[in-house]
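A.B. asks: The structure follows.
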Amino acid sequence: MFVRFDYPKTLENLVNNFLVTDTVFSQSHPAIDIIEQENQAVVIAELPGVKKEDVKIEFENAVLKISAERKPYEVPENAKLVLKELSSQKFDRSIQFEHDIDAGNISADLTNGILKVVLPKSESAKPRTIEVK
Amino acid sequence: MENNKKNTALVRACCNAVVPGAEGYEMVVCPAADIYETSDAFIVEIDMPGASKESISITADARMLSVSSLQMINDSGGGEIIVNEIGKKKYHREFRLGTGIKLDDIRAEYKDGVLLITLPKADELKARQIRIQ
């Protein structure tokens, strides 16, 4: 299923904006925010309980793929479960970009369960002002 | 057997309804939690991605354990929000406590976006082995 998050109102928007499509909508998809800034796009994902070494970020064919695994809390032996609400142990989400991304300079940071991926735009995708001669 | 039943009733979650618009934040959410019981303590594990040690407040009285925090995602740089699933939120959750918890010895740890609270049981509640003489 293709879910288009961006609903351009005008043709101008359609041309200028990032078009983001989301291909994974499974139970374990983490909540995300996507922010487009002048020179970069920022993807923020909630990954509670995930350690740095258990996150995998790939970028191929303009698709950013975030996969992560949450290792369960080491419950002491003989512990009884009283309440169980946390379920997702695997997170998986793909985001398609239609802008040119400078794939070599993508950076990511995971702090307090929040993953932040910064995707710089390639030179050709950056906005520019054209001087009238 | 009866003693066991009594113990599991000690910590009960009461999930608060969503209150929109508190303190300039978009909404107050009730974070998901797991509760384990061991022979000498209850362990509450709460998903709170994006909180910080400084922003988390935990209070306990004889009846209620109350946890709250702001989600601090620093999205400096402005820009246009294309996808907004995380939003700005405040976490708040209360757990009804039974008797027999050592309130002075409650410990908490925040790691990878997950808050772990250990509520030690009072001595009279701990299971003990009785030897036949």
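A.B. asks: How far, in nm, would the chain grow between residue B:118 and residue B:62 when pulled straight, counting 0.36 nm per residue and subtracting the alpha carbon separation?
C.D. replies: The span from residue B:118 to residue B:62 would gain 18.6 nm if fully extended.
A.B. asks: Run the simple label-point estimate for residue B:81 and residue A:74 please: 7 Å along Cα→C-beta, distance reported in nm.
C.D. replies: 3.9 nm
A.B. asks: At 0.36 nm per residue, minus the direct Cα-Cα distance, what do residue B:108 and residue B:39 gain on full extension? Give it in nm, one decimal, please.
C.D. replies: 23.0 nm
A.B. asks: Work through the residues other than residue A:123 whose Cβ is under 10 Å from its Cβ and net out their charges, Lys, Arg +1 and Asp, Glu -1.
C.D. replies: Summing Lys/Arg as +1 and Asp/Glu as -1 gives +1.
A.B. asks: Where q = 0.21, 0.22 Å⁻¹, what log10 of I(q)/I(0) comes from the Debye formula for segment B:47-133, counting one point per Cα?
C.D. replies: Treating every Cα as an identical point scatterer, log10 I(q)/I(0) equals -1.03, -1.09.
A.B. asks: Given the Cα-Cα distance of residue A:131 and residue A:109 and 0.36 nm per residue of separation, how much length would full extension add, in nm?
C.D. replies: Gain in length upon complete extension: 4.1 nm.
A.B. asks: Which lysines have a Cα less than 30 Å from the Cα of residue A:56, not counting those fewer than 8 places away in the same chain?
C.D. replies: Output for residue A:56: A:65, A:71, A:84, A:90, A:116, A:121, A:126, B:53, B:88, B:89, B:90, B:111.
A.B. asks: While we're on this one: Could you give the dipole magnitude of segment B:69-133 about its Cα centre, charging the beta-carbon of Lys and Arg +1 and that of Asp and Glu -1, in debye to the nearest 20?
C.D. replies: With only Lys, Arg, Asp and Glu charged at Cβ, the dipole is about 440 debye.
A.B. asks: Collect residues whose amide H, placed 1.01 Å from N in the peptide plane, falls under 5 Å from the amide H of residue B:101; neighbours closer than 5 in sequence don't count.
C.D. replies: Amide H neighbours of residue B:101, under 5 Å, 5+ apart: B:122.
Bear in mind that the values in this text are calculations on the coordinates, not laboratory data. Since the model is a prediction, treat every value here as computed from it, not as a measurement. Here the Cβ is made from the backbone with ideal geometry for all residues, glycine too, and neighbour counts use every protein chain on show.
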